[in-house]
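Here is the structure we will look at.
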Amino acid sequence: MKKEAVLGWIAVGISTIISSLWAFIGAFESFHEGWYFSSLAANLILTCKYLGLMLIFVMLSVIAVRWPRVGASLYQLSAIGFCIWFVTTSKVPAFNVVFFCLLVILPLVFLGIVFWLGHPRPVSLAYKVSILVPLVVAAGFAAEPVTRIAGRMDDGNRGLRIVQGNGVNLIWAPEGPGWPCPDPKDQIWLAQWRGPTWEEAQKVCRYLMADGKSLAVTPQDIWRLPTVEEVVRSLTRHGANCGGAWDPINARPSYSIKPDKESPLWNPYSVIIYWWTSSEHDGRRAYSIDFNGNVYRRNKESALGSQGFRAVKSPEGK
């Protein structure tokens, strides 16, 4: 009996770690990628979707505590199902993709075995650990972004904006070809939307007319993508410059205040959270930046649905 209890608690511990990991990922991404609706209800529903894997693993753990062999079988079936999905959807999987697949499958197989052989005691404590720990993790990591998002400022102006300060003075393109902002409520647009590659973003900027609202048939070379340093230095929060500085040697930004998805630069109600910059890391990658000011080295051919751009020009060029 003691051996069964030890194995059961090992299983509960591993399953709780997994569900807590998904609680962290779900809470983080919910407020990073998500919360772009104007409706609180829609944002809460989206959060539940991001926390879906956490809820699934909590449910599996609770079932396995109550009915060990039923839960063990469900873990094994989950591993088999993921393996089938991986094989049928992967063309020529790279080593890192296969490694990730094994990281998912092996713990599920192991949990199936341990839950089959073990049974934690007392059961009531096992329930509490399986349910409460992931919920506390999710709530803990959601506290800061919830507070930040609740205080976001948005003046609703998606037109041409002049943003100056911190050594930068630029005109930023209005919503349109030079600043695509897919509306999350427009399901037709979202279904057709594909984020631009780096080269595509560069090309649009070259053809953008002086008013920033339409494209010409020939290059105008009035607008351009901002450099990574220009974006870092221009980011704001609550209407004030965040004091951003760019370290070109270490390719790392720093800020006096953490930037956020606020006007005049960002549209809080768009799915776009990343912008291309004109700065290249090497021949294959360019720098992309998110609304929190984090900088990424991204393949120039990537076309994320959450990635866009915003063209700029100098005041002298207006």
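See the values below:
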quantity	calculated
Test set (1) in a loop (DSSP other than H, G, I, E, B); (2) out of contact with any Phe, Trp or Tyr (no Cβ under 8 Å at 6 or more places or on another chain); (3) more than 18 Å from Arg158 (Cβ to Cβ); (4) not small (Gly, Ala, Ser) - Asp211 fails condition number	(3)
Those residues of the range 226-256 which are touching a Leu at 6+ places or on another chain (Cβ under 8 Å) and assigned to a strand (DSSP E or B), in sequence order	Thr236, Asn241
Condition met for Gly239 (on the phi > 0 side of the Ramachandran plot and buried (at least 21 other Cβ atoms within 10 Å of the Cβ))	no
First in the range 51-74 and free of Cβ contacts under 8 Å to residues at least 12 places away in the same chain and farther than 15 Å from Val129 by Cα, second anywhere and assigned to a helix (DSSP H, G or I) and hydrophobic (A, V, I, L, M, F, W, C), Cβ under 7 Å, 6 or more apart	Val70/Ile63
Matching residues, the range 153-200, being out of contact with any Ser or Thr (no Cβ under 9 Å at 6 or more places or on another chain) and assigned to a helix (DSSP H, G or I)	Gln187, Ile188, Trp189, Leu190, Ala191, Gln192, Glu199, Glu200
Checklist (1) more than 17 Å from the chain's Cα centre (by Cα); (2) assigned to a strand (DSSP E or B) applied to Trp275, failing item	(1)
Residue pairs meeting the criteria (Cβ under 6 Å; at least 6 apart or on separate chains; first within 17 Å of Trp22 (Cα to Cα) and part of a helix (DSSP H, G or I), in the range 92-119; second at pLDDT below 75 and aromatic (Phe, Trp, Tyr))	Cys101/Phe86
Qualifying position, being within 27 Å of Val271 (Cβ to Cβ), of a type in the set (Val, Ile, Thr) and part of a helix (DSSP H, G or I), among Ile63, Ile56, Ile17	Ile56
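The values are calculated or read from the model by the stated rules, or taken from the named source; none is laboratory data. Given the structure is predicted, the values throughout are model-derived calculations rather than measurements. Cβ: placed from backbone, ideal geometry, glycine included. Neighbour counts: every protein chain shown.
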